[in-house]
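So the structure is just underneath, and the comments pick up after that.
Nothing in this text is a laboratory measurement; each read-out follows from the coordinates by a stated rule. In this text the structure is predicted, and so the values were computed from the model without any measurement. Cβ sites come from the backbone with ideal geometry, for glycine too, and all protein chains shown count toward neighbours.
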Amino acid sequence: MKEPRLSKAETRILEQYWRLGTASVREVLENLPEDERVAYTTVQTLVYRLEEKGALKKVKKIGNAQLFEAALDQSQYRSRLVRDLLDLFGGSPRLLVSNLIEDGALTLRDLKELQSATGSDKNGHSRGGKRA
């Protein structure tokens, strides 16, 4: 199944379902950060759009409240977004990282922390002696 394209607003709602699990529209609305709160009907519309796109699924109805849960796996969705982003840079991770550094979104300190986390030395060699 092809993963749907989601707007920024839809993604923010989906993130709430990943965090909350099964939830109603009202629960999602109440858990949005104060500065992101919108009308109940706005959240409801986004939830129904996400259901139509296959990103959410209806799991239960209690009274008038319908409960939904994420139908997309968070890590697979993020991986696809990263692949799409890499495509914008011709598939080159180096061009992407270079752009992030130029924009100030990634610092030398971040790179060093990433290098430490992956166990690579300055030359890109892992601690086992192979190139990372």
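Pairs of alpha-carbon atoms within less than 8 angstrom and 6+ residues apart define the contacts here; what relative contact order does the chain have, in percent? If you can, show how the numbers build up before the last one.
Working: 109 pairs, mean separation 22.7, N = 132.
Computed over the chain, the figure is 17 percent.
Just check region 74-118 against the gyration tensor rule for me: Cα atoms, a ≥ b ≥ c as the square roots of the eigenvalues, rounded for a/c under 1.5, and otherwise prolate or oblate depending on whether a/b exceeds b/c.
Values: a/c = 2.22, a/b = 1.32, b/c = 1.68.
Taking the square roots of the gyration eigenvalues as a ≥ b ≥ c, region 74-118 is oblate.
Gain in length, Glu3 to Asn31, computed as 0.36 nm per residue apart minus the alpha-carbon separation, to one decimal in nm?
Values: separation 28, 0.36 × 28 = 10.08 nm, distance 2.56 nm.
Once the chain is fully extended between Glu3 and Asn31, it gains 7.5 nm.
How far, in nm, would the chain grow between Thr11 and Ser92 when pulled straight, counting 0.36 nm per residue and subtracting the alpha carbon separation?
Numbers: separation 81, 0.36 × 81 = 29.16 nm, distance 2.53 nm.
Net length gain for the segment: 26.6 nm.
Given R₀ = 41 Å, FRET efficiency for Thr22-Ala105 by Cβ-Cβ distance, to 0.05? Walk me through the intermediate numbers first.
Values: r = 34 Å, r/R0 = 0.84.
That gives a FRET efficiency of 0.75.
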